[in-house]
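Single-structure report; data block below.
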Amino acid sequence: MSTKDFIEKDYYKVLGVPKDATEAEIKKAYRKLARENHPDANKGNARAEERFKEISEANDVLGDPKKRKEYDDARSLFGNGGFRPGPGGTGGNFNFDLGDLFGGTPGGSGGAGGFGGGLGDVFGGLFNRGGTGTAGGRVQPRRGQDIESEVTLSFTEAINGATVPLRMSSQAPCKACSGTGDKNGTPRVCPTCVGTGQVSRGGGGGFSLTDPCVDCKGRGLIAENPCEVCKGSGRAKSSRTMQVRIPAGVSDGQRIRLRGKGTPGERGGPAGDLYVVVHVDAHPVFGRRGDNLTVTVPVTFSEAALGGEVKVPTLGGPPVTLKLPEGTPNGRTMRARGKGAVRKDGTRGDLLVTVEVVVPKDVTGKARDALEAYREATVGEDPRAELFQAAKGA
């Protein structure tokens, strides 16, 4: 993203959240908007595709605490009525180094991740200090954009891991002109910006602001014979299908980062990253609680009262046998160790088994006679006595 975008774009407005929104609120807003505007759900809708890119860019900044702090600091300093070096400068000899203020060094890499070298580098181009924009008048390699996609897994795939195909659409070097923008492959250096892609303006008090060159649209090159496919931009829409490995134990809503799988860079720059948001379908039998799986197992009244052994299903493996102690109450949870979800260290969580005592709908014959005898044998026992005593004492 450009320095101008970083300062002027209101990412909070893009996601429709207040500036004091929590991480959870930002995540919720992003997921809702991403689903509504995802290209797969809006075939041929250019506006939805552009909106999806804006939403992804906003989430990339606000969803990362470090990037969000840098963004808020920059907006406070330059974009919301704070310090703004105008055409008339700041008066006299006022001059300072933004690298000292934000912990970066000119053209260095000592800042927070995601913006090159911290805000010292982010504002390096803004104040014509070199930074990550140009060096010696030559256009530097440009990193490709990050892109985001979504995938839906079955419950079992999420627990065990899966390799899934993802069809991606992004900007890439135009194949027709090899990314030059010129159909003959011979663009010329822009005379306005001398190949830097930027032009300076203003400049009082030791400051000089830079903007993308309007003649070459920030490329530093001009196509004398524009490519008919990319119209001279050097970039064209590209579709590709990738086989993406989703690690075992992934949870619903998790965002996985795949380095270098995003949009290809320009002029030899590195590719961006691919972020995959995972959605997990529910399972008809098993649930999940962190690294543990859950299951509810029906048992008879006699099994709960007298004790016994019951078989319990596991996800993708043989059943396990659990021993019920005498007098097991309804709702008691027992643990089958090592039968849960895969943890990051490769070990497995547990299977939490909750007992549900089943009351038969129809009781006839010997079973009814036995229950009648049991009721007579327990006359005088009141399971609700303590309940009423507690109610009186409250």
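Laboratory data are not the source of any read-out in this text; all were calculated from the coordinates shown. Here the structure is a predicted model, which means the values were calculated and not measured. Backbone-built Cβ (ideal geometry, glycine too); neighbour counts: all protein chains shown.
If a/c stays under 1.5 just call it rounded; otherwise compare a/b with b/c (prolate if a/b is bigger, oblate if not). Do that for the stretch 147-241, with a ≥ b ≥ c from the square roots of the Cα gyration tensor eigenvalues. It comes out oblate by the Cα gyration axes. Distant-in-sequence amide contacts of G307, defined by a placed amide H-H separation under 5 Å and a gap of 5 or more residues or a different chain, comprise G327, T328.
Computing FRET efficiency as 1/(1 + (r/R0)^6) for T152 and E36, where r is the C-beta to C-beta distance and R0 is 25 Å, gives about 0.95. Counting only lysines at least 8 places from K323 when in the same chain, those with an alpha carbon closer than 17 Å to its own are K311, K339.
Go ahead and collect, in residue order, the members of the stretch 242-276 whose backbone nitrogen is under 17 Å from a label point 7 Å along the Cα-Cβ direction of E23. What the label zone holds, given the 17 Å backbone N cut-off, is 251-257.
Positive contributions from Lys and Arg (+1) and negative ones from Asp and Glu (-1), summed over other residues with Cβ under 12 Å from the Cβ of T354, come out at +2. Once both labels are positioned 7 Å from their Cα atoms along Cα-to-Cβ, the gap between V297 and K237 label points is 5.4 nm. First check a/c for the stretch 313-393, with a ≥ b ≥ c the square roots of the eigenvalues of its C-alpha gyration tensor; if it is under 1.5, answer rounded, and if not, answer prolate when a/b is larger than b/c or oblate otherwise. Judged from the Cα gyration tensor, the stretch 313-393 comes out oblate (a/c at least 1.5, b/c at or above a/b). Listed by chain and number, the aspartates and glutamates whose alpha-carbon sits under 12 Å from that of K67, ignoring those within fewer than 8 places in the same chain, are E57. Applying 1/(1 + (r/R0)^6) with R0 = 51 Å to the Cβ-Cβ distance of V285 and V214 gives a FRET efficiency near 0.25. Stretching Y374 away from N225 to a fully extended chain increases their span by 43.9 nm, per 0.36 nm per residue minus the current alpha-carbon distance. The slack in the chain from V312 to R257, taken as 0.36 nm per residue of separation less the alpha-carbon distance, amounts to 16.2 nm. Within the same chain, lysines fewer than 8 places from K231 are excluded, and of the rest, those with a Cα less than 17 Å from its Cα are K175, K183, K217.
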